[in-house]
Amino acid sequence: MTGHAFTFCGSDVVARPSGCLWIAPSRTLCVSDLHLGKSGRIARRSGYFLPPYETTDTLARLAQEIAATYPARVICLGDSFDDLRAAEELSEPATRQLAQMQAGREWIWIEGNHDAGPVAISGSHLWEYRTDNLMFRHIATADPQEVSGHYHPKYGIPGGGAARACFVYDDTRLIMPAFGTYTGGLSATDPAVRTLFGARPIAVLTGPRAIPVPVQDSPRQRRSGGRFY
Amino acid sequence: MTVLPDTFTDWFTRRGWSVHPHQADMLDRADAPALLLIAPTGGGKTLAGFLPSLAELADGTHQGLHTLYVSPLKALATDIKRNLRTPVDDIRLPIRIEDRTGDTSYTKKRRQRADPPHILLTTPESLALLTSYEDAPRMFAGLQRVIIDEIHALSESKRGDQLMLALSRLQAIAPDMRRVGLSATVEDPAAIAHLLARHPDPCPILHADPGPDPDIQMLTTAEAPPWSGGGAKYSIPAVLEQVKNHKTTLIFHNTRAQAELYFHNLWLANEDSLPIGIHHGSLDRAQREKVEAAMVRGDLRAIVCTGTLDLGIDWGDVDLVIQIGAPKNVKRLVQRIGRANHRYNAPSKALLVPANRFEVVECVAALEAAKAHDLDGDPRGAGPRDVLCQHILIAACAGPFNADDLFAQVTSVGAYSDLTRAAFDDCLDFCATGGYSLRAYDKWQRLLQRPDGDWQLRDPRSAQRIRMNIGTIQDTDTLKVRLKGNFKPLGEIEEGFAATLTAGDTFLIGGEIVRYEGLRELTVQVTRRADKPPKIATFMGKKFATSTQLSARVLDMFRQDSWPALPDHTADWLTLQTEVSKLPEADRILVESYEYRDRHYACFYGFAGRNAQQTLGLLLTQRMEQSGLAALGFVATDYATLIWGLEPVTDPATLLQGGALRDGLTQWLAGNAVMKRTFRASATIAGLIERNSPQARKSGRQATFSSDILYDTLQKYDPDHLIMQITHEEAMRGLVDFGRIEAMIERTKGRVDHVQLTRVSPLAAPMMLEMGRVPIAGEGRERLLADAAETLMHDSGLRDIGP
């Protein structure tokens, strides 16, 4: 097991190296910020044609996670689609793959800022959802015992190469990394993320294995490659 | 043939000048569709280019644009405008001359399109932008001549390819347009002529009298150069002495970081407070202009500079050029030396300053090559397709185009004369649909084919975005540096370097030590409180590899029994090497192995240049990993790669087998950082991703993602995509430079001399001190990361955080 297991607000959870959160008591798999259909949205809006394979890649990785954990329930924590039109334009094979993943389990779509509104894809569409004494919503609020997404946190430590997508948590709140293939990140030390936490948050880096590390306030963050969209 | 009007001859006479023979030749052959002039700096080259234009415009009958002048530097355009004013004002010619660069005001640019001057001075990027407007045909309709200055510099980069593609469009608009190229001395003028002329037109080459041979020497210092490093700090007293003895000295460096450091040290030792300035590409434009103006006024005794001063700007009375560090390339050395003594027919004076002991050998080899007029250079190969993609998009901005016509224009460009229709169509398809094997964008095509067969932009508004991304120069992500509370920037540093700074850190910029205070809205805020020794700003500036020809000369020198041309300290060093081990030979690879402090070292002398030796290091360590040799790291220089690990290398010949290296390359390239960087550059040029988007920088960071992800995705799902093909081609000839490894394998044909030593050899010793060591990543990296994280968790007492 290469995940990071810990107790969060009374529930046993595992931060998986893939960036999914496993909530053991209710056999729930939580995943955030899939941004399906991002390349299509960019083409539509700007005329730039990014390689149109990110939906295939994101769904393939999600399918692997579902096969590995066999969850009773899946929570997609918002920004599952890059916009509502991206959901409408989801390709035939992708729609079929989603349906296969949904078969035999409860599936919850939390609305995000990118996909606020009803989507014609099966599953429950909710603004927020409570289970295992935890509140799941897209953007963090002041409430305790909350799991959210939205910020795409990333973090790295000196000598560990470029920053990686990460979970960030303390004893009251947890922010999920973005799971979508075409997603960037905001440093866990950025005030937008950092101020949501108390004195000593922990980052769990994703990658070949999940690596927990304390968030230090002025780390020497490194960026990889260029930035785009 | 153009006859010089009497007013001109009078003007020459009044000034006591006579027309140089090559200037007369240029007038005689002014009707040639293409003409290349090779002349040394200071040979009246620019006037030779312009005389026919001035003569043709003298009667005031020509309406609109007559001559377009393109130079690689904005500053050069400004400089030429000033220089041209003298004859035009003196002879009272009815000629309007204007420049147009990225710095020209919006209103002036608009006016220039509506009412162009007779002579327009510009850069390749500004010209490409001009051709993207719908009114380009009107603006360029009467164009008679194009003068490309410093074409030798442009011909080595994609900027030149873009320029020649733009000329192919101008030629279609103005069929009578004649092309003139002005070049410094180069090794292969015919290659430049091929690029310049409309294919397959002939392009006569005129040679100006090269003038007397330059007076080049190596600077002799009391102190011997150090064993390694590139700073050449030891030379400062001797260099200051030279500055005192000359009117104006240019002190050239190979990198910006070295120039900054040297400048800093020079001032620390400058007890007489000689006015010395610094000039390089990372300094703010206003700062650079101040230095340039002071230089022209003759206020400066010396200027520490990099390649930005390589080109032919007239900097006043330079009487000495000093090159710090081995020149890496004989041609560039000769061109730099030409900067000294701008008077025709007076020998230029130059001094070479080796930065370390090995560079002494390289400097002597370069000196001999320069004396023998043996210049170097590598053929550039076919025109790059990323530039072609951008050209197709630019054409679409100007209006609907016919693919057959555009293909005919493109293949009239020398560099693209061998382009197949299929390759062109691939580029067109890429521009229109993205060119993916998954046809996802047919609905959102960028270019649409109209019923009449012509292609046009689907959404005319996309023209603005395309225009914003014109150009082939890759700017790394840089941030402006400003003094706190001051609007004026000092210069720029790389974002990656800025990210390593914490408040209180100091670095050098523009010769000042500044203290990092913080980052505010994408500018680096600094103060002048310098209370720490400086960290050095790591400017991206290209690191040149020693040329093939120069490497061969060094190997030639090694064949001698004694070295009278070398200073004693260096000759003794080589002699000691022959006693302890042996010197590398051209047709064999020398490998030395030894143990030092529980590490096994192996030094591979391939003489393939820095980039190829770096690649060789990556490939060899990868092969060593496979055979359990537990390599830990390596360092590469222009002549060797030193590898260290836990196990001794016993059979280097097997490691060096060509086939295995080639197989390794294919595997290794796929996930390599060099490939990702190359991908980013080509993807930006081709228009797959954009460099300048009005919102990109301002939008939230979580909305942006790395182009590395795009590379990885294509590698996985569409590895044969056009941009992946281009990336591969570029990397092979650029940073990966596998071509030179191939040449090394071919040259040595498996002849490997393995010398096992009990301690480090004299030749390998400096390698032990080299900077830029590369650690080997792998499973070890993951373990290291986990261990470091565990320690941090433990130390912070956070490990047991819980409910």
- Note on the structure: A student asked for the Cα radius of gyration and Dmax of the protein assembly as shown in angstrom ought to give 31.2, 99
- Message: If amide hydrogens are placed 1.01 Å from N in the peptide plane, which non-local residues have theirs closer than 5 Å to the one on B:GLY511?
- Response: none
- Query: Can you give the relative contact order of the range B:54-149 as a percent, counting alpha carbon pairs under 8 Å and 6+ residues apart?
  - Reply: 47
- Identify the residues of the range B:235-258 with backbone N under 12 Å of a label point that sits 7 angstrom from the Cα of B:GLN217 along the Cα-to-Cβ direction, or state none. B:242
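Using mean Cβ contacts within 10 Å as the protection proxy, how do A:190-196, B:392-398 order, highest first?
Going from most to least packed, we get B:392-398, A:190-196.
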- Using a cut-off of 15 Å between beta-carbons, work out the net charge of the residues near B:ALA372 (Lys and Arg +1, Asp and Glu -1, B:ALA372 not included). -3
- Search the structure for amide H atoms under 5 Å from the amide H of B:GLU156, placed 1.01 Å from N in the peptide plane, and list their residues when 5 or more places away or on another chain. none
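Averaged over its residues, how many other protein chain Cβ atoms are within 10 Å of peptide A:180-189's Cβ atoms?
Taking the mean over all residues of the peptide, I get 4.
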- Item | Using θ = phi - 60° and Karplus 6.51 cos²θ - 1.76 cosθ + 1.60, couplings along the range B:622-630 (whole Hz; Gly, Pro as x) | 5, 5, 5, 4, 4, 9, x, 8, 6
- Note on the structure: Here the tail fraction of P(r) beyond 32 Å, over all Cα-Cα pairs of chain A, rounds in percent to 14
- Note on the structure: Once A:GLN102 and A:ALA60 are pulled to full extension, the length gained, defined as 0.36 nm per residue separation minus their Cα-Cα distance, is 13.7 nm
- Buried accessible surface, B vs A, both sides, probe 1.4 Å, in Å² to 100, equals 5200
- So for R0 = 30 Å, FRET eff. of A:ARG200-B:ASP787 from the Cβ-Cβ r, to 0.05, ends up at 0.90
- When Rg is the radius of gyration of the Cα atoms in the range B:215-371 and Rh is its Kirkwood radius, what does Rg/Rh come to? 0.93
- For the range B:242-281, take the alpha-carbon Rg, divide it by the Kirkwood Rh, and send me Rg/Rh. 0.95
- Task: Could you check the simple spin-label distance between B:ALA423 and A:GLU88, using points 7 Å along Cα→Cβ, in nm with one decimal?
- Result: 4.3
- Relative contact order %, chain B, counting alpha carbon pairs below 8 Å whose residues are six or more apart: 11
- Message: Filter A:LYS154/B:LYS233; B:LYS108/B:LYS480; B:LYS290/B:LYS349; B:LYS74/B:LYS676; B:LYS331/B:LYS484 down to the pairs with a C-alpha to C-alpha distance above 32 Å, please.
- Response: A:LYS154/B:LYS233; B:LYS331/B:LYS484
- Item | Contact order relative to length of chain A, as percent, for alpha carbon pairs under 8 angstrom and 6 or more apart | 21
- Message: Considering only protein heavy atoms and a probe of 1.4 Å, how much of the accessible area of the protein assembly as shown is carbon and sulfur, as a whole percent?
- Response: 51
- Under 5 Å from the placed amide H of A:LEU186, counting only residues 5+ away or on other chains, we find A:LYS154
- With the convex hull built on the alpha-carbon atoms of the range B:1-134, volume per residue in Å³ sits at 123
- Using only the Cα atoms of the range B:581-633, build the gyration tensor, take square roots of its eigenvalues as a ≥ b ≥ c, and label the shape rounded, prolate or oblate: rounded if a/c is under 1.5, else prolate if a/b is larger than b/c, else oblate. oblate
- Item | Helical mean residue ellipticity (222 nm; -39500 (n - 2.57) per DSSP H run of 4+; nearest 500) of the protein assembly as shown | -11000 deg cm²/dmol
- Message: Need one value for A:167-174: mean number of C-beta atoms belonging to other chains within 10 Å of its residues' C-beta atoms.
- Response: 1
- Query: Relative to the Cα centre, what is the charge dipole magnitude of chain B, using +1 at the beta carbon of each Lys and Arg, -1 at the beta carbon of each Asp and Glu, and rounding to the nearest 20 debye?
  - Reply: 2200
- Task: Please average, across the residues of B:436-443, the number of beta carbons from any other chain that are within 10 Å of each residue's own beta carbon, and give a whole number.
- Result: 5
- Query: Working from the pairwise distances between different alpha carbons, so that the mean of 1/r is found and then inverted, what is chain B's Kirkwood radius in Å?
  - Reply: 28.8
- Item | Separation in nanometres of the label points that stand 7 Å from Cα toward Cβ, at B:ASP374 and B:ARG599 | 3.6
- Mind putting a number on the dipole of the range A:1-106 about its Cα centre? Charges go on the C-beta only, +1 for Lys and Arg and -1 for Asp and Glu, and I need it in Debye to the nearest 20. 60
- Using alpha-carbon coordinates alone, the radius of gyration and Dmax of the range A:5-56 in Å work out to 16.6, 48
- Item | Residue among B:THR86, B:LEU688, B:ILE643 farthest towards the positive dipole end of chain B, charges placed on Cβ | B:THR86
- Item | Environment charge of A:GLY180, counting only residues whose C-beta is closer than 10 Å and scoring Lys/Arg +1, Asp/Glu -1 | -3
- Of B:THR758, B:VAL514, B:ALA366, whose Cα points farthest to the positive end of the dipole of chain B (charges on the beta-carbon: +1 Lys, Arg; -1 Asp, Glu; origin at the Cα centre)? B:VAL514
- Query: Using θ = phi - 60° and the Karplus form 6.51 cos²θ - 1.76 cosθ + 1.60, what ³J(HN,Hα) does each residue of the range B:662-667 get, whole Hz, x for Gly and Pro?
  - Reply: 5, 4, x, 4, 4, 5
- Message: Whole-Hz ³J(HN,Hα) for each residue in the range B:134-145, computed from phi via Karplus 6.51 cos²θ - 1.76 cosθ + 1.60 with θ = phi - 60°, x for glycine and proline: what do you get?
- Response: 4, 8, 3, x, 6, 5, 9, 3, x, 4, 9, 9
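The values are calculated or read from the model by the stated rules, or taken from the named source; none is laboratory data. Worth saying up front: this structure is predicted, and the values here are computed from it rather than measured. Note: ideal-geometry Cβ built from the backbone for every residue, glycine included; neighbour counts use all protein chains shown. Remember, those area values only see protein heavy atoms, side chains included, never the ligands or the DNA or RNA. Shrake-Rupley method; radii C 1.70, N 1.55, O 1.52, S 1.80 Å.
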